[in-house]
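Structure first, then comments.
The values are calculated or read from the model by the stated rules, or taken from the named source; none is laboratory data. Because the structure is predicted, anything quoted here is derived from the model rather than measured. Glycine also receives a Cβ, built like all others from the backbone with ideal geometry; neighbour counts cover every protein chain displayed. Note: areas computed on protein heavy atoms with side chains; ligands, DNA, RNA excluded. Shrake-Rupley method; radii C 1.70, N 1.55, O 1.52, S 1.80 Å.
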Amino acid sequence: MSYNLKRLTESAILLAIAMVLSLFEFSGPWVLGGSITFCSMLPIVILAQRYGTKWGLLSAFTFSLLQLVMGLKNVQYAPDALTAVAIIALDYVLAYSVLGFSAAFNGVIPNRRTAVLVGIIVTFFARFACHFVSGLLVWEALWPNGLGWAPWVWSLAYNASYMVPEALITGIVAFLIFKPLQKYWLGEDLAKPAKPIAPKA
C-alpha cells in the first residue's frame, strides 16, 4: 500500500473511531456541564504524531466538522447569525482544530513520550480556552448561570469540570500505550514517499 493511500485509510479509520468514542459520554458529580468521553480525541493526536502537524490540522479540522454535524442542535439556540457563527467557530471549528498542533513539540522536546504528553496538555488547554471564551461571550448571555457567580468564574468552572478529566484520561492512556506502540507513534512502520528524481540537465 502506498504512503498516501495508507495515510488516507488510517485517517478515515481513526476519525471513525474518534466519532464512535465521542458517543460514549459520562460524567461525575463534579461535572457542572458538558461531558467526558473515553479518549475520543486520542485518535486525532495519534494522526498528528504519525503524519505531522499539517496532516494533524487537516484531520482535526475534519473532526471539528463531524462534531459540528453531531451538535447542530446547539447552534439552533443562537438568536442571530453572529451568535451562530461564534458558536460554530469557538465550540467546534477552533476548539477541535487546535488538536492538530499536538505534534508541534516533537522537535522541541527530545523525549518523544514527554513531547506527546506536552502536546496533549497544550492542545487540550487550547480547546478549553475556546470553550471558556464561548461560555463567557455567548452562553452566559443566552442563559445566565443561576448561582450568581461572575460569568468568568462560571465559564471557568463549567468547562474545567469536564476538560480537565478528559485531558487526564487521554494523557494517562497515551503514556501507557506509547511504549508498546512506539513504532506507530513515531511512524517507523511507514514507507515514506519516494523523492522525485531531478531531471538531468
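Here are a few things to note about the model shown:
- Shown for the chain: the carbon plus sulfur share of the solvent-accessible area, taken with all protein chains present and a 1.4 angstrom probe, equals 73%.
- Per residue, the accessible area of the chain comes to 55 Å² when a 1.4 Å probe rolls over the protein heavy atoms.
- Overall form of the range 19-89 per C-alpha gyration tensor (a/c, 1.5; a/b vs b/c): oblate
- Spin-label pair Leu147/Asp189, simplified geometry with 7 Å Cα→Cβ offset, distance in nm: 4.4
- Farthest positive-ward along the range 1-118 dipole, Cα basis, beta-carbon charges - from Met19, Ile46, Leu99: Ile46
- Mean residue ellipticity (222 nm) of the chain, computed from DSSP H runs ≥ 4 via -39,500 (n - 2.57), nearest 500: -19000 deg cm²/dmol
- The structure-derived value of Kirkwood radius over Cα pairs in Å appears in the list (i) 18.5; (ii) 18.1; (iii) 19.5 under the label (ii).
- Of the residues Val164, Tyr3, Leu66, the one whose Cα sits farthest towards the positive end of the charge dipole of the chain is Tyr3 (charges of +1 on Lys and Arg Cβ, -1 on Asp and Glu Cβ, taken about the Cα centre).
- Label-point separation, Ile17 to Leu5 (7 Å along Cα→Cβ), nm: 2.1
- Within the listed set Val116, Val108, Val85, the Gaussian network model of the chain (springs between alpha-carbon atoms below 10 Å) gives the highest mean-square fluctuation for Val108.
- Virtual paramagnetic centre 7 Å along Cα→Cβ of Leu168, amide N under 20 Å, in the range 32-54: 32-42
- Contact order relative to length of the chain, as percent, for alpha carbon pairs under 8 angstrom and 6 or more apart: 25
- Evaluated with a Cβ-only charge set (Lys, Arg +1; Asp, Glu -1), the chain carries a dipole of roughly 1040 debye about its Cα centre, given to the nearest 20.
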